[in-house]
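Every number here is computed from the coordinates shown, using simple stated rules; none is lab data. Here the structure is a predicted model, which means the values were calculated and not measured. No Cβ is skipped: glycine too gets one built from the backbone with ideal geometry, and neighbour counts run over all protein chains shown.
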Amino acid sequence: MENLTAHQRSKYPKSPLAGPYGHPLHPTLVTIPIGAWTASLVFDVVALFGSDDKPFLIGAQWLVGIGIVGALAAAVFGLMDFATLAGGTPAHRTALIHMSLNLTAVALFAVSFFLRLGSAKEDFALVPFILSVVGYLVVGASGYLGGKLAYHYGVRVADEKTQGEGFV
């Protein structure tokens, strides 16, 4: 791998744990926090407008927590993919912003989670909900950049020759 360009090196995992060539685990794992946080917002909205909000508030709190744990797991594999990027490149800079946004989102959801600890068994609390909405919007912006890393820069995506094998 020493003779590969920076772009070619970004396609290969640093460790087998990151997933095989052309099939990284990070994009698969991000579905856990995205799904959990989406469901938590649905539960929050149901709690806000429903008549019996307590079960939905507790469910939303659990989903926020599951999302945080899932995000931390996804981050481990994202760091492995990040390690394939040469410093100073547009892909590296994009990945740094992507990572920073994800860390910001996790922090927002973590604060939301801890604020929910006392309020989930009582009544709907606006501040944790707003923090979750803002965190979710940050995840959306980060996801856009993650898509740019994969689909525009081709990070951890198989090369075109390998891709072409599916069309012969």
How tilted is helix 54-82 with respect to the longest principal axis of the chain? Cα atoms for both, answer in degrees (0 to 90, nearest 10). 20 degrees
Backbone N within segment 123-147 under 14 Å of label point (7 Å from Leu48 Cα along the Cβ vector): 124-137
Which percent of Cα pairs goes in each bin when the distances of segment 47-125 are cut into 10 angstrom slices starting at zero? 18, 36, 23, 15, 8, 0
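Give, in nm to one decimal, the length gained when the segment between Ile130 and His23 is fully stretched (0.36 nm per residue of separation minus the Cα-Cα distance). Intermediate values should be presented prior to the final figure.
On the way: separation 107, 0.36 × 107 = 38.52 nm, distance 3.52 nm.
Going from the current span to full extension adds 35.0 nm.
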With N denoting the number of residues in segment 123-168, provide Rg(C-alpha) divided by 2.2 N^0.38 Å, to two decimal places. 1.94
In degrees, nearest 10, the alpha-carbon axis of helix 126-147 is tilted away from the dominant principal axis of the alpha carbons of the chain by 10 degrees
For the chain, longest principal axis from Cα atoms; helix 31-49 axis from its Cα atoms; angle between them, nearest 10 degrees, is 20 degrees
How much mean residue ellipticity at 222 nm does the chain get from its helices, if each DSSP H run of length 4 or more adds -39500 (n - 2.57) and you divide by all residues, to the nearest 500 deg cm²/dmol? -22500 deg cm²/dmol
Percent breakdown of C-alpha pair distances by 5 Å bin, ordered from the shortest bin, for segment 45-92: 5, 19, 14, 12, 10, 10, 9, 8, 8, 5, 1
Potential lengthening between Leu137 and Lys161 on full extension [0.36 nm per residue; Cα-Cα distance subtracted]: 5.0 nm
Cα gyration tensor shape of segment 100-142, rounded if a/c is under 1.5, else prolate or oblate by comparing a/b with b/c: prolate
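According to the Kirkwood expression over distinct Cα-Cα pairs, how big is the hydrodynamic radius of segment 82-168, in Å?
Numbers: mean 1/r = 0.0657 Å⁻¹.
About 15.2 Å, per the Kirkwood formula over Cα pairs.
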Computed log₁₀ I(q)/I(0) - Debye formula, equal Cα scatterers, no solvent, the chain, q 0.09, 0.11, 0.16 Å⁻¹: -0.37, -0.52, -0.86
